[in-house]
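Notes to accompany the following structure.
Computed from the coordinates by the stated procedures, all read-outs in this text should not be read as laboratory data. No experiment lies behind these values; they were computed from the predicted model shown. In this analysis, Cβ positions are derived from the backbone assuming ideal geometry, glycine residues included, and neighbour counts consider all displayed protein chains.
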Amino acid sequence: MPTLHDFFANKTIVVTGAASGIGAALASVFAELGSKVAICDIDESALAGVAKVLRTSHPDMTLFASGLDVSSQADWQTYLANVATHCGHIDVVINNAGIEGSSQPVWASDDDVLKRVMDVNFYGMVYGSKAALPYLTQRSWAALINVSSIFGFVAPPNTADYCASKFAIRGYTESLRAELELVHPQIQVHLVHPGGINTNITRLAQSQKFKERFLTTEPKAIALHIATSIMRNKARIVFGNQAIKTYIASRILSLKWLSKLTGKEIAGLGMEEDYRTDHEGFNVKK
Ligand SMILES: NC(=O)c1ccc[n+]([C@@H]2O[C@H](COP(=O)([O-])OP(=O)(O)OC[C@H]3O[C@@H](n4cnc5c(N)ncnc54)[C@H](O)[C@@H]3O)[C@@H](O)[C@H]2O)c1
């Protein structure tokens, strides 16, 4: 088995959502491993900060940093064309960018939030995968990595919008994987299911207690695990606080028990108020 450095040196790695959290940690890990790194994010000023740190710590690295809203299909074409020009080729694309949902029960949540979550988390991954394939098929080895979640296995209360996007990523990627296995087996397709990772994903007031309780694994740890899993061609990557336990529970428990258990897990997270409040068209109080 080669070392991680031998394996990834001079390969071009594209990471979306790289201005923060898991994406920033991936960029840093692949820079350490001698890769050419192409990063993008909708938050251009935070991305510039990450690029500055990378350039300072790795002055000789090949780095391409540019703003990209992953939910814009046309911008994907331009972005990857620019990466290919700057880096020469594209070997690995990691569709990591994502946002949280409303963190509210279905009857209290806004459909515009659901649409945005699907646009960024699901369609961002779709556009990224389709735009990447023409580049990846040119290589003798390549990898496409789509970041789902443990909420691509189980669906607790107050996560319907987020879970819809993460289950969809899983279904789409598993099918794409089976297709490429038939025609381009040299392209590895991986699904990442992070558990609770200590990042900035939870920006809403109602999700802060969830963050405190669950988001405890450091982003660097999952970034290293992802790199190792790509090298070892491990298709499903399950890592982080509560991840393995949740994955196993989703495989062995009935839906009835999963619903009960996930309901218990979110008790005391300050979300109960939504269940005591009437919403238009949905009367909670009896
Ligand atoms: N943190 C966790 O516990 C956890 C658990 C499971 C899955 N995930 C997934 O991991 C991925 C990374 O999340 P994170 O935890 O590092 O969050 P984060 O908020 O720290 O980083 C996400 C990055 O994506 C960027 N982004 C948001 N919308 C974008 C868009 N339209 N186009 C381009 N970039 C955009 C943000 O600006 C941010 O820099 C997400 O897909 C998330 O759903 C995270």
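Here residue 227 meets the list (1) over 22 Å from residue 19 (Cβ atoms); (2) away from the ligand (no atom under 15 Å from the Cβ); (3) not in a loop (DSSP other than H, G, I, E, B) almost entirely, failing just condition (1).
Among the numbered conditions (1) under 21 Å from residue 222 (Cβ atoms); (2) in contact with a Phe, Trp or Tyr (Cβ under 6 Å, 6 or more places away or on another chain); (3) more than 14 Å from the ligand (Cβ to nearest atom), the only one that residue 86 does not meet is (1). Evaluating residue 182 against the criteria (1) in contact (Cβ under 8 Å) with a residue 24 or more places away in the chain; (2) assigned to a helix (DSSP H, G or I) leaves one unmet condition, (1). Could you tell me whether residue 262 is surrounded by 15 or more Cβ atoms within 10 Å (Cβ to Cβ), polar (S, T, N, Q), in a helix (DSSP H, G or I) and out of contact with any helix residue (DSSP H, G or I) (no Cβ under 7 Å at 6 or more places or on another chain)? Here the answer is yes, as residue 262 does meet what is asked. Considering 55, 116, the condition of being among the charged types (D, E, K, R) and within 14 Å of the ligand (Cβ to nearest atom) is satisfied by 116 alone.
Take the conditions (1) of a type in the set (S, T, N, Q); (2) closer than 25 Å to residue 81 by Cα; (3) part of a helix (DSSP H, G or I); residue 140 misses just one of them, which is (3). Restricting the stretch 206-224 to residues that are in contact (Cβ under 8 Å) with a residue 40 or more places away in the chain, aliphatic (A, V, I, L, M) and within 11 Å of the ligand (Cβ to nearest atom), which is nearest to residue 196 (Cα to Cα)? That would be 222.
Among the residues of the stretch 51-89, those that are touching a Cys at 6+ places or on another chain (Cβ under 7 Å) and closer than 16 Å to residue 10 by Cα comprise 62, 64.
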